[in-house]
Amino acid sequence: LLVFGHIRVMLTPLIAEWPLFARVQVSLLDEPSLDFSMSDLGSTLTAIPGLEETLKKFIRQIIHDKMVWPKALVFPVKKGNFDTGPKYDGVVFVRLVRAVDLKHVGEDNIFRLPFNLMDPFVVLKVRDHRTVSTPVYKNERNPVFNLEAMFLVEDCQEQQLQVKIFDYNLFSDDELIGTITIPIRNLAPDI
């Protein structure tokens with residue numbers, strides 16, 4: 001059995017004595033792919049129709065339930081109670097694809113110049129100290145962002161995903177074009 005995927009290894013929590021961490025947590029950041037063959041087990045088992053595919057599904061489900069982030073395999077390195085720091089309810093994966101037909105606030109105003117071009121960028125935030133921004137897209141009203149971001153969620157009942165789109169201005173404050181706030185509790189799990 002070979003398992004392929006993106007792995008996350010956390011040495012946590014950091015402590016003041018050697019080896020400077022109390023445990024190792026290992027998790028997969030996404031669903032793994034499996035390379036699994038029953039041919040090594042002999043022809044008797046491979047003759048059972050559907051057995052190999054059923055075993056693959058079973059193994060994939062076990063790996064998902066035990067190792068896909070925020071779940072992790074935990075290996076203690078030091079004895080003791082070292083449970084300090086924030087606890088996380090989970091992770092929010094965000095894929096920002098594009099914006100369509102962006103307009104300035106008050107664009108219908110007769111005093112706005114018709115050649116005033118849009119330089120949009122987006123800021124994503126779940127917690128105040130963690131934000132992700134796209135680059136500025138010059139002269140673009142239909143930007144394709146193709147941004148993927150991951151946010152740790154401490155309280156899925158109270159925290160919100162905030163998405164703000166701005167028009168970049170070189171000589172003045174950036175203009176807020178729009179905001180959407182999505183409660184984390186309203187997002188579907190595991191999609």
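A simple spin-label model places pseudo-atoms 7 Å from Cα toward Cβ; at Asn139 and Tyr168 they are separated by 1.4 nm.
With a Förster radius of 45 Å applied to the C-beta separation of Ile182 and Glu17, the computed FRET efficiency comes to 0.55. Taking all protein chains as they are arranged and a probe of 1.4 Å, the heavy atoms of Val100 leave approximately 100 Å² accessible to solvent.
Bridgeable lysines around Lys125 (alpha carbons under 18 Å apart, same-chain partners fewer than 8 residues away excluded): Lys164. All Cα-Cα separations within the stretch 144-191 were binned at 5 Å from zero, giving a P(r) of 5, 15, 19, 22, 17, 11, 7, 4, 1, each value a whole percent of the pairs.
Using r as the Cβ-Cβ distance of Phe58 and Glu154, and R0 as 30 Å, what FRET efficiency do you calculate, to the nearest 0.05? Write down the numbers at each step before the final one.
Working: r = 33 Å, r/R0 = 1.10.
So, using R0 = 30 Å, E works out to roughly 0.35.
For Lys56, a cut-off of 30 angstrom between C-alpha atoms picks up these lysines, skipping any fewer than 8 places away in its own chain: Lys66, Lys71.
For Lys79, the aspartates and glutamates whose Cα comes closer than 20 Å to its Cα, not counting residues fewer than 8 places off in the same chain, are Glu17.
The values are calculated or read from the model by the stated rules, or taken from the named source; none is laboratory data. Since this is a predicted model, take the numbers as computed values, not measurements. Cβ atoms come from the backbone with ideal geometry, glycine included; neighbour counts cover every protein chain shown. Protein only, heavy atoms only, side chains kept; ligands, DNA and RNA dropped before computing areas. Shrake-Rupley method; radii C 1.70, N 1.55, O 1.52, S 1.80 Å.
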